[in-house]
Amino acid sequence: MTVGLLKQVYDGIFNSNSTLISKPKGVLNVACLLTQVNTGAAEVLYSAVGEWAQLDQDSTVLDVCCGTGTIGISLAKRVKKVIGIELCQEAVEDAKMNAKLNDLSNVEFHCGKAEDVFPNILNALVSPNVTAIVDPPRAGLHSKVILAIRRAEHLKRLVYVACNAKAAMSNFVE
């Protein structure tokens, strides 16, 4: 089953009982992103991503197509470092503000096309415990990103969140 979700919650991420489970405060609705209003689905997705990624305190997470950073921010306290990559400058600014509001110092965000930024960041990492979490737009990942993932010998795990099963399947076959 493919779970698709585009994110953003104004006051935090809540579970189905309206209990706050994560506090990305100050997340703004950025025009270039869609807004996730189904907080129950967000809770399930973020929990599943965390489980599948099998992270620990030595992990470095590459959050590709990160939007306002909610997936990486929700995992940041469990890992050594989170590096987010996003095309939309306004989303990157909001992601940085969200990390600051949550007192996270192990998170950084880069603005640019994933196909340009991801290979450079991946090649510069010296961490032996790297996990990539990708949450691409409906069109899927650019072939250069797929190629960089395949060539990355030190990439331990990949978690792919898809909102378009056909694009995801194309990426898997590439």
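Computed values, structure above
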read-out	value
Enumeration of residues in segment 37-71 that are under 19 Å from Leu158 (Cα atoms), in contact with a helix residue (DSSP H, G or I) (Cβ under 8 Å, 6 or more places away or on another chain) and not hydrophobic (A, V, I, L, M, F, W, C)	Tyr46, Gly50, Asp56, Gln57, Ser59, Asp63, Gly67, Gly69, Thr70
Enumeration of residues in segment 61-90 that are among the acidic types (Asp, Glu) and touching an Asp or Glu at 6+ places or on another chain (Cβ under 9 Å)	Asp63, Glu86
Test: residue in segment 57-65 that is at pLDDT 90 or above, open to solvent by 10 Å² or more (accessible area, probe 1.4 Å), on the phi < 0 side of the Ramachandran plot and of a type outside the set (Phe, Trp, Tyr)	yes
Selection count, segment 136-157, where residues are under 18 Å from Glu86 (Cβ atoms), open to solvent by 20 Å² or more (accessible area, probe 1.4 Å) and aliphatic (A, V, I, L, M)	2
Where Asn106 falls short, out of the listed (1) of a type outside the set (Lys, Arg); (2) under 16 Å from Val130 (Cα atoms); (3) surrounded by 21 or more Cβ atoms within 10 Å (Cβ to Cβ); (4) in contact with a Lys or Arg (Cβ under 6 Å, 6 or more places away or on another chain)	(3)
Residue satisfying condition, being of a type in the set (Lys, Arg) and free of Cβ contacts under 8 Å to residues at least 12 places away in the same chain, within set Arg151, Arg138, Arg157	Arg151
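Yes/no matrix, rows are residues, columns are (1) open to solvent by less than 60 Å² (accessible area, probe 1.4 Å); (2) closer than 20 Å to Val44 by Cα; (3) at pLDDT below 90:
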position: Leu87; (1), (2), (3): no, no, no
position: Glu115; (1), (2), (3): yes, no, yes
position: Leu122; (1), (2), (3): yes, no, yes
position: Val134; (1), (2), (3): yes, yes, no
position: Val173; (1), (2), (3): no, no, yes
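The values are calculated or read from the model by the stated rules, or taken from the named source; none is laboratory data. These numbers were taken from a predicted model, which means no experiment stands behind them. Because the Cβ atoms are built from the backbone with ideal geometry, glycine has one as well, and the counts that use them run over all protein chains shown. Areas reflect the complete protein model, heavy atoms only, side chains present, ligands, DNA and RNA absent. Shrake-Rupley method; radii C 1.70, N 1.55, O 1.52, S 1.80 Å.
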